[in-house]
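Take a look at the structure below.
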There are 4 protein chains.
Amino acid sequence: MNDRSPAPELIAPSTRGNESAILNAALDAFGEQGFNGASMRDIARGARTSLSNLYNYFPSKSELLAELLRRANDEQLARTRHAANAEATTAAERLRAAVKAYVGFVVDHQVAALVAISEIRYLAGKNREHVVEARDQTQAIFEEIVADGVSAGEFTTPYPGDAARNITAMCSAISTWYRPEGRLSKTQLAEEQSRYALALLEARP
Amino acid sequence: MNDRSPAPELIAPSTRGNESAILNAALDAFGEQGFNGASMRDIARGARTSLSNLYNYFPSKSELLAELLRRANDEQLARTRHAANAEATTAAERLRAAVKAYVGFVVDHQVAALVAISEIRYLAGKNREHVVEARDQTQAIFEEIVADGVSAGEFTTPYPGDAARNITAMCSAISTWYRPEGRLSKTQLAEEQSRYALALLEARP
Amino acid sequence: MNDRSPAPELIAPSTRGNESAILNAALDAFGEQGFNGASMRDIARGARTSLSNLYNYFPSKSELLAELLRRANDEQLARTRHAANAEATTAAERLRAAVKAYVGFVVDHQVAALVAISEIRYLAGKNREHVVEARDQTQAIFEEIVADGVSAGEFTTPYPGDAARNITAMCSAISTWYRPEGRLSKTQLAEEQSRYALALLEARP
Amino acid sequence: MNDRSPAPELIAPSTRGNESAILNAALDAFGEQGFNGASMRDIARGARTSLSNLYNYFPSKSELLAELLRRANDEQLARTRHAANAEATTAAERLRAAVKAYVGFVVDHQVAALVAISEIRYLAGKNREHVVEARDQTQAIFEEIVADGVSAGEFTTPYPGDAARNITAMCSAISTWYRPEGRLSKTQLAEEQSRYALALLEARP
DNA sequence: AATGAATGAGGATTCATTCAT
DNA sequence: AATGAATGAATCCTCATTCAT
């Protein structure tokens, strides 16, 4: 798989009939029109099934959104965690790896990443809790690396928590502007973004 | 006015009867429920007037949103531009001033800033154009300062455009998490954020 | 007003636009198809207005039913109470008057009486409470008269409560079979029914 | 079997797999929510089988209701007829026996009795005819006994038909209020109710 | 400027029923 | 006999908007 090839599906083909078609249609609909702007009819149309059949798979529109956000946040957490846990000698190296993984997810699943940040507000209750937790855990990974780097004298930034928040904010925002045909390939963007992250932390050269 | 005192109203009391009450109610409603989640009934209730009376002030829900976003983006542009134009000897000083002004707007009008980034997608046509233009002009101010600084050898960042985008992204994101009762006062946050911006640009010390 | 003339409206013409038309249409619809069998569309059609306009008058189908049952039970209580309170020298006379009033309501507002007994089960919460209370108060009037009659030695029935229940049961059931064109006029039926009530109580001749 | 022991099942275990479970679930559902308020899904859930499997047993929801009402009315008719045909020297004795049998059914199968009177309106066509016929035959038994008693000079009520109707009305209404844990056992209630019936007929002592 | 009544389109969801397996 | 998937029609209700006053 090279730098411009399609990413692995976030929503893998399901054993259960139309499930993945519905999830993908919902993702598109929420991405284009927002949670409240997209109708279940839109989603059914996108999934090439009937409106009522959606309810054989998901009990409500909210649950559909919840399932999407669960998958997106879980995958982003998994990728970031995996990168952060990889063998590395310095905090700077771990941070570079984590930023690249995080950005990689945003680029590979741009719509999902966009929906994840912009539609989470429409979740409530248990569904919200799970998704928020995954999101916070991803954030915590960055905080921990920054804190480690500060302890080790690698970074000199005064507020590790705020710095980490800025890093994820600017990486998440990529989902709002990135165009695959644009100047930057996924790898280039990931590289560049990790440099900005290290600069932000005032890493020693 | 000190650091924790209320900011000047984004929506000033209007000579026109209920206008400002309606705009403020719409701002709250869009902020809490999103454009499509908020109903004209909600807004009327918030403004303590009747549903049909809204249409004596604004011809449609979309125009209401447009008016809000116009005011927000225009104000943010004005503040940022004013700061960037102030007498200053270095690009770094101008950047610091611009970031502080930008952050100041986000903190003073947090809901408006949030709505401005999250609901702009629901604008179309002329309305969208005006708002996008104001937003892009604000962005352009940062790009120009960064480019100047690079030319002058003050900043060493390789991609001025991308760097400026990251700066506004992380400053805009403040609207999603800032709490006035929290650790950081408006001034502290603005200070801190401008330091992150300069770090990101790899400003020479 | 003679014995076969139309009764006064249970639902008086309202000052508020379509309100009484809606209530009457709902009464007919619930009477013919039951609460769950009647649709808001049916009711709108019957009231010659649009579906959505119903909701300008009643916030939900349940509230519509509640309003109908409130009016029916309140009116039946008022009539019965008025008759029971009228000057009378004996319990038997009071009972006769109360039965006649009760039966009079059933005949005058047969559909309302039918809906009142058959659809009360679909009420819940506060609405149910109010209606049940009116119904129980009506029942209590009969119980009290019977108890008085027993104390006075006029009636010899052993269980006043059960006897009163039987009396209202058989009078309410009239709503399920009475036909105005049939053998019995309202007055005749009321007379006859009061005789059965006294017989049931084993009134001394 | 004593006075408080459970009655024989109205719906006997069937040789046909889930049939009785389905009928019982339907009875419960119709009893609790009414015919239109209960869904086939509710019934399937109650019978612990799948929605579609219901249609292997009954071709439609209406047929399910019809089968229930057939069984209920047939059983009530059979019990009442059996009691009315038993050796007896007087009309009063026959009436007492018939009332006790009728009341016995209502208490033994309270939900079925309730559904029988409240949901019969949702039957149509052939199904309705059969059920109505059984109900009318049961009614006719009482009318005949009353007429006999009047002929024999045992009862002095002037309108045998109306009196009989009142008797069945008040006995059927038992299904709406009886509680097995209450003051009256089945036998006591049946006794008491037969006394009221005779009193209503103005039976000579 | 202000309102209550009105409406047609559309919202999410549930319905009884059917079909393929 | 049993099931999960599927569907079109219908459910209650809300929507943004208009109109008469």
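The condition of being crowded, with 16+ Cβ neighbours inside 10 Å, closer than 30 Å to residue C:61 by Cα and at pLDDT 95 or above holds for only one of C:99, C:106, that being C:106.
Contact map, the stretch D:47-58: first residue away from chain A (no Cβ under 14 Å) and closer than 10 Å to residue D:21 by Cβ, second residue within 6 Å of DNA strand F (Cβ to nearest atom) and part of a loop (DSSP other than H, G, I, E, B), Cβ cut-off under 7 Å, separation 6 or more or different chains; pairs are D:47/D:18; D:49/D:18; D:57/D:18. Residues in the stretch A:17-36 that are within 14 Å of chain B (Cβ to nearest Cβ), without any contact (Cβ under 8 Å) to a residue 24 or more places away in the chain and crowded, with 19+ Cβ neighbours inside 10 Å: A:29 alone. Across the stretch B:146-179, the number of residues qualifying as within 12 Å of chain A (Cβ to nearest Cβ) and acidic (Asp, Glu) comes to 1. For the stretch A:37-50, the set of residues classified as surrounded by fewer than 21 Cβ atoms within 10 Å (Cβ to Cβ) and farther than 19 Å from residue B:36 by Cβ consists of A:48, A:49, A:50, listed by residue number. Comparison of D:44, D:98 shows that the only residue that is within 16 Å of DNA strand F (Cβ to nearest atom) and touching a Ser or Thr at 6+ places or on another chain (Cβ under 7 Å) is D:44. Exactly one residue out of A:190, A:140, A:124 is among the hydrophobic types (A, V, I, L, M, F, W, C), more than 17 Å from the chain's Cα centre (by Cα) and on the phi < 0 side of the Ramachandran plot, and it is A:124.
Do the conditions hold for residue B:41, that is, is it on the phi > 0 side of the Ramachandran plot, assigned by TED's automatic domain parsing to the domain that holds residue B:16 and out of contact with any Gly (no Cβ under 7 Å at 6 or more places or on another chain)? So residue B:41 does not fit the description; no. Given the criteria in contact with a Leu (Cβ under 6 Å, 6 or more places away or on another chain), closer than 27 Å to residue B:30 by Cβ, outside the structural domain of residue A:193 (by TED's automatic domain parsing) and more than 14 Å from DNA strand F (Cβ to nearest atom), does residue A:26 qualify? Judged against the criteria, residue A:26 is a match.
The values are calculated or read from the model by the stated rules, or taken from the named source; none is laboratory data. As the structure is a computational prediction, the values presented were derived from the model and not from experiment. Heads up, the Cβs are rebuilt from the backbone with ideal geometry, glycines too, and the neighbour counts pull from every protein chain shown.
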